[in-house]
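Student: Just dropping this structure here.
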Amino acid sequence: MVNEELLALLVCPMGKAPLRREGDVLICSRCGPRFTIKDDIPNMLIEEAELPPGCGSLADLECVKSGAAKLDVP
Ligand SMILES: [Zn+2]
């Protein structure tokens, strides 16, 4: 069981938008990538998140396009 208080503190690493929980994944409420929870530990690495449909790369994410986040990759 994941600590719900911890989950409430987690935000999207790209745009700091709140996350919602669906089963064993956390989904950014704005840009939509799915972060898996494994062994009660959410993997918040955007590089390992499953991108939403229609999103070919990190640069397509709404949180990135909104300018709230800067990509480290060129
Ligand atoms: Zn996001």
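Student: Find the accessible area per residue for segment 4-65; the probe is 1.4 Å, ligands and nucleic acids are left out, and the unit is Å².
Tutor: In whole numbers, segment 4-65 has 60 Å² accessible per residue.
Student: Using the basic label-point model (7 angstrom from Cα toward the beta carbon), what is the K16 to E47 distance in nanometres?
Tutor: 2.4
Student: Okay, which of segment 4-25 sit inside 18 Å, backbone N to the point 7 Å along the Cα-Cβ direction of T36?
Tutor: Inside the label zone: 21-25.
Student: Run through segment 1-57 and list the trypsin sites (Lys or Arg not before Pro) located in a DSSP loop whose Cβ has at most 12 other Cβ atoms within 10 Å. Working shown, then result.
Tutor: On the way: sites: K16, R20, R21, R30, R34, K38; in loops: K16, R30.
Here the trypsin sites (Lys or Arg not before Pro) that fit, given the DSSP loop and packing criteria, are K16.
Student: For segment 4-65, I need the span (max minus min coordinate) of the C-alpha atoms along each principal axis, in Å, sorted largest to smallest.
Tutor: 29, 18, 17
Student: Within the accessible area of the chain, what % is carbon and sulfur when the probe is 1.4 Å and the other protein chains stay in place?
Tutor: 53
Student: Using a 4.7 Å cut-off between beta carbons, which cysteines in the chain end up with no partner cysteine at all?
Tutor: That list is C55.
The values are calculated or read from the model by the stated rules, or taken from the named source; none is laboratory data. Note that this is a predicted model, so its numbers are computed, not measured. Using ideal geometry, Cβ is built from the backbone for each residue, glycine included, and neighbour counts are taken over all protein chains shown. Protein only, heavy atoms only, side chains kept; ligands, DNA and RNA dropped before computing areas. Shrake-Rupley method; radii C 1.70, N 1.55, O 1.52, S 1.80 Å.
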